Amino acid sequence: MMPPWKTRTLMVPLDEQLARLLAWAGLALLLFWLGLPLAAMLGKAFSGDHGEFVGLARIADTLAQPGLATTVGNSLSVALATVLLVLPLAYAYAAALTRVALPGRGLFRLLALLPLLAPSLLPGISLVYLFGHQGLLKSWLADGSIYGLIGIVLGEAFYTFPHALMILLTALAVGDARLYEAARSLGAGRLRQFVTITLPASRYGLISAALVVFTLTITDFGVAKVIGGQYPVLAVEAYKQVIGQQNFPRGAVIGLLLLLPALLSFALDRLLQRSQRSALSARAQPLQPTRSPLVRALALGYCSLVGGALLLMLGTAMLAALIQLWPYQLQLTLAHFNFDQVDGGGWLAFANSLKLALGTAALGTVVVFLGAWCSTRLRVARRVAPMLHAMAMLPMAVPGLVLGLGYILFYNAPANPLHSLYGSLTLLVFCSVAHFYTTAHLTAVTALRQLDADFEAVAASLKVSVWRTLWRVILPACLPAVLEIARYFFVSAMTTVSAVIFLYTPDTVLASVAVLNMDDAGDTAAAAAMATLIVLSSALVCGVFALVSQVLHRHAAQRGRR
């Protein structure tokens, strides 16, 4: 008699068995891209010089180093100051976009999201040109200097503003109009309505935005490296320990210190999201934007001011790339785009970045979509689905600098059979896909869960394979989300710095790293030119994806009318 487990196996069609095998393969892939590098970093932090387990001794030794406590305090000060600056600015901007009938709302939204197209090094370069020793606005700082705390906070504010804004836009879009009508009937003014209704209703969004800004700031490497001066922070200290002093154990301990606030923020954010879902009312009615002329004028002025400041930061670096010698010879020139005449990587770096972005978009989109499909649509993958989803959520809690540190410790180990991948563009693609996996996964899962859950059951009853259903039904229905995932991977790979800073070689140097190298060598104009190329190429690709999405949407509408 045949064993029960073997009978169950034979009852599962071959196509579903292959799909289940694909789910396990996806889990193994994430293990190599995420789990093992992080385990290598943790192992380094708890081991001695000969690989023996030393418990907390390595951590205690690192924490006792002179100056480290000051560095930790500086990182916390920068992160908190950035939160205090960005949160009210982004909240008011989001309120103007969602609660006011603002003219040119789409333009202001686009302006606020422009920083996403630039590497985090760009605001540092702009601040140097505006407030540096030869900056146009240097007199605004009186006797102060832009290098240090104030420069890092301003640069991080530019870098994190769109991330906070996107969260707050969502939080403020769920207002219940019935509450405001009741408040007005009771004689409550606008200020009291804000304090008693708007603010409590959006508190979870505010906390999530604060956590995101805090985590991004404390783990960011680019802004502090360019404009930090003699103000040490943890992210730059990790770079110095690994690249400058080749002290990998101490770098691993600092990476662990950077991982802790990110993990705490992630856990707190997950907890708050559960509370938020239970607090929302199913009978909430949409709130109509106010059309008061005074409020519209104030909102227009505020958004123009903030949007103009963001445009000034972005435009300064782009203009400096075209100026012969800032601020003495203001003639326009393209000489700074001759990257082969300066150190940093030349045009090879830009070509490598394009290859990396295209490879990350292609591989990441395929892996993420298939992984999300396995974890949400396959009944035969129920055992592996929770583990696959958990691994997919892990990158959200891991800063790019920590992930890059894990990669160098795991893939650069001589005993590792995959050691040959170290320094290759392939490994950079793997690291970039892993770094940005969570957001892409959530996008795919959201799109897949919007489809009817009976598609696969109906296909099975008609003896149609899961692969044919995926190709003919699921994929076409999710094509807009697939394009959005590919666009997200491309732009993120073009602008990333922290995750790849430990992994490149002279043959695989990237454009964002070249910006850093050029700035270090004193070629700030060339660095601005390379950053400009990154922004323009990211914007061009976003435009192409938007055009393709529009064409697909139009074709889908035409098929619906037929």
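Dipole of the chain computed with +1 at Lys/Arg Cβ and -1 at Asp/Glu Cβ about the Cα centre; of LEU141, LEU130, LEU311, farthest Cα towards the positive end is LEU311.
Under the convention that each Lys and Arg Cβ holds +1 and each Asp and Glu Cβ holds -1, the size of the dipole of the stretch 274-429 around its Cα centre is about 1240 debye.
Kirkwood analysis of the stretch 179-278, using all unique Cα-Cα pairs, places the hydrodynamic radius at 16.7 Å. Summed over the residues of the chain and divided among them, the accessible surface reaches 47 Å² per residue at a probe radius of 1.4 Å.
The string of couplings for the stretch 23-29 from the Karplus curve (6.51, -1.76, 1.60, θ = phi - 60°) is 4, 5, 5, x, 5, 5, 4 Hz, one whole number per residue in order, with x for Gly and Pro. Placing +1 on the Cβ of each Lys and Arg and -1 on the Cβ of each Asp and Glu in the stretch 224-362, which of GLN329, LEU260, PRO289 has its Cα farthest towards the positive end of the resulting dipole? Looking along the dipole axis, the top candidate is PRO289.
For the stretch 21-151, the fraction of 1.4 Å probe accessible surface lying on carbon and sulfur atoms is 72 percent.
For the stretch 331-394, state which trypsin sites (Lys or Arg not before Pro) are in a DSSP loop and have at most 14 other beta carbons lying within 10 Å of their beta carbon. For trypsin sites (Lys or Arg not before Pro) across the stretch 331-394 that sit outside H, G, I, E and B with at most 14 neighbouring Cβ atoms in 10 Å, the list reads ARG382, ARG383.
Working ranking of peptides 334-347, 181-194 by packing, defined as the average number of other Cβ atoms within 10 Å per residue, highest first, is 334-347, 181-194. Think of each Lys and Arg Cβ as +1 and each Asp and Glu Cβ as -1; about the Cα centre, that makes the dipole of the chain roughly 2640 debye. For the pair SER465 and ALA351, a Förster radius of 41 Å applied to the C-beta separation gives a FRET efficiency near 0.50, rounded to the nearest 0.05. With 5 Å bins beginning at zero, the pair-distance distribution over Cα atoms of the stretch 205-344 amounts to 2, 7, 8, 10, 12, 12, 14, 12, 9, 7, 4, 3, 0 %.
A cut-off of 5 Å between modelled amide H atoms, ignoring neighbours fewer than 5 places along the same chain, links VAL100 with THR290.
When you restrict to C-alpha pairs under 8 Å that are six or more residues apart and normalise by the size of the chain, the relative contact order lands at 23 percent.
Relative protection proxy for 86-96, 208-218, 302-312, from highest mean packing down: 208-218, 86-96, 302-312 (other beta-carbon atoms within 10 angstrom). Dividing the convex hull volume of the alpha-carbon atoms in the stretch 1-138 by its residue count gives 318 Å³ per residue. In this label model, SER185 and ARG105 are separated by 2.6 nm, measuring between points 7 Å along each Cα→Cβ vector. To two decimal places, what compactness ratio does the stretch 268-389 give when its Cα radius of gyration is scaled by 2.2 N^0.38 Å? Normalised Rg, Cα atoms only: 1.86. The ellipsoid that matches the Cα gyration tensor of the stretch 70-218 has semi-axes, each √(5λ) in whole angstrom, of 33, 17, 15, with the longest given first.
A cut-off of 5 Å between modelled amide H atoms, ignoring neighbours fewer than 5 places along the same chain, links SER47 with VAL54. When a 1.4 Å probe is rolled over the protein heavy atoms, the share of accessible surface on the stretch 434-543 that falls to carbon and sulfur comes to 61 percent.
R0 = 25 Å: FRET efficiency of VAL544 with THR426, Cβ-based, nearest 0.05? Efficiency, from the Cβ-Cβ distance: 0.50. The gain in end-to-end length when the LEU552 to LEU311 segment is fully stretched comes to 83.6 nm, 0.36 nm per residue minus the alpha carbon separation. For LEU141 and ASN416, the difference between the fully extended length at 0.36 nm per residue and the C-alpha to C-alpha distance is 93.8 nm. Were the residues from THR170 through GLN245 laid out at 0.36 nm apart, the gain over their Cα-Cα distance would be 22.6 nm.
Leaving ligands, DNA and RNA out of it, report the carbon-plus-sulfur percent of the accessible area of the stretch 236-360 at a 1.4 Å probe. About 64 percent, which is the carbon plus sulfur part of the accessible surface. Ranking ALA173, VAL429, GLN65 by Cα position along the charge dipole of the chain, where only Lys, Arg, Asp and Glu carry charges on their C-beta atoms, puts ALA173 farthest toward the positive end.
What's log10 of I(q)/I(0) for the stretch 478-550 at q = 0.23, 0.28 Å⁻¹, Debye sum over Cα points only, no solvent? For the stretch 478-550, the Cα-only Debye profile gives -0.99, -1.21. In sequence order, the stretch 229-245 has phi-based couplings of x, 9, 9, x, 10, 4, 4, 5, 5, 4, 4, 5, 5, 7, 7, x, 10 Hz under the Karplus curve 6.51 cos²θ - 1.76 cosθ + 1.60, θ = phi - 60°, and Gly or Pro positions carry x. When each of the peptides 421-430, 435-444 is scored by how many other beta carbons lie within 10 Å of its residues on average, the order from highest to lowest is 435-444, 421-430. Counting only Cα atoms, the chain measures 88, 74, 48 Å along its principal axes, largest extent leading. At an R0 of 22 angstrom, the distance between the Cβ atoms of ASP343 and THR505 translates into a FRET efficiency of 0.90.
The values are calculated or read from the model by the stated rules, or taken from the named source; none is laboratory data. Fair warning: this is a prediction, and the values are worked out from it, not measured in the lab. We place every Cβ from the backbone using ideal geometry, glycine too, and count neighbours over all the protein chains shown. SASA here: full protein model, heavy atoms, side chains in, ligands and nucleic acids out. Shrake-Rupley method; radii C 1.70, N 1.55, O 1.52, S 1.80 Å.
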